[in-house]
Amino acid sequence: MVSSLFLRTFAAALIQYIYNMVETLVVSLVIIAAGMLLLLVKVLTRKNGTFSSQHIHDSKAMRDRGIHCVMDQDREMRRKSRFAVDERA
């Protein structure tokens, strides 16, 4: 039969383990809530309450440098050149 000392030790260890998990969960939730609060403050202080677009094709500086979205670059590379030679003939 299992001794009562073992059960008390096991129960104490289990309670400590659960306490540590809850503590970690609470700290994580506080960090996430702080981040959400900061985003809310940024949205409320921005004009029209929106963020600017983060897409490369919407950035004038990227377009001026000739940097395109990878989808656009892929589309350009796949386009058949008018100077291409048909190699299957």
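The values are calculated or read from the model by the stated rules, or taken from the named source; none is laboratory data. Because the structure is predicted, anything quoted here is derived from the model rather than measured. Note that we place each Cβ from the backbone using ideal geometry, even for glycine, and neighbour counts take in every protein chain shown. Calculation scope for accessible area: heavy atoms of the full protein, side chains included, ligands and nucleic acids excluded. Shrake-Rupley method; radii C 1.70, N 1.55, O 1.52, S 1.80 Å.
Residue count for the stretch 35-47 satisfying the condition of being modelled with pLDDT of 80 or more and open to solvent by 100 Å² or more (accessible area, probe 1.4 Å): 5. Residues in the stretch 48-82 that are among the β-branched types (Val, Ile, Thr), surrounded by 11 or more Cβ atoms within 10 Å (Cβ to Cβ) and assigned to a helix (DSSP H, G or I): 1 in all. Within the stretch 10-33, identify whether any single residue is open to solvent by 90 Å² or more (accessible area, probe 1.4 Å), of a type outside the set (Ser, Thr, Tyr) and assigned to a loop (DSSP other than H, G, I, E, B), and answer yes or no. No - not one qualifying residue is present in the stretch 10-33.
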